[in-house]
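Peer 1: Have a look at this one.
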Amino acid sequence: MMPQQSNDDIKERIAPVAQVRVAGASAAATGGAGGTRSGDAVYNKFCAACHTSGVLGAPKLNNAADWEPRLAQGMDTVLKHAIEGYNAMPPKGTCNDCSDEEIQAAIDYMIEEI
């Protein structure tokens, strides 16, 4: 069962993935970039499907027993696996437009209560 999502989470999840710009139009005139997403926003949009229930061995949100062996390898390794993909996890957990910083923020969110 998926956790209840707020209207803002749903709006972010179904937002358009691209914008069309006419040559010569400024970015400000067409809305500009959205900026860096928070760890919880990335988690809720891209990670929750697997990391809430532990699909195919995914470490569950704030579950110390799941995360401790991974964190023992060092955060650099955890981040590398998240970015490049590891076992059943696809690269960047399907968030192809996430920056490395956004992936790190999602990891930090998943382990913040451990």
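The values are calculated or read from the model by the stated rules, or taken from the named source; none is laboratory data. As the structure is a prediction and not an experimental result, all values here were calculated from the model. We place every Cβ from the backbone using ideal geometry, glycine too, and count neighbours over all the protein chains shown. Quick note on the areas: whole protein, heavy atoms, side chains included, nothing else; ligands and nucleic acids left out. Shrake-Rupley method; radii C 1.70, N 1.55, O 1.52, S 1.80 Å.
Peer 1: Mind checking which residues of region 51-75 are closer than 19 Å to Ser6 by Cα and not in a loop (DSSP other than H, G, I, E, B)?
Peer 2: His51
Peer 1: State whether the residues of region 97-113 include one that is under 24 Å from Gly35 (Cβ atoms), among the aliphatic types (A, V, I, L, M), touching a Ser or Thr at 6+ places or on another chain (Cβ under 8 Å) and open to solvent by less than 40 Å² (accessible area, probe 1.4 Å).
Peer 2: Scanning region 97-113 turns up at least one residue that is under 24 Å from Gly35 (Cβ atoms), among the aliphatic types (A, V, I, L, M), touching a Ser or Thr at 6+ places or on another chain (Cβ under 8 Å) and open to solvent by less than 40 Å² (accessible area, probe 1.4 Å).
Peer 1: Of all residues in region 37-88 being in contact with a Leu (Cβ under 8 Å, 6 or more places away or on another chain) and of a type in the set (Val, Ile, Thr), which is surrounded by the fewest Cβ atoms within 10 Å (Cβ to Cβ)?
Peer 2: Among those residues, the one meeting the criterion is Thr52.
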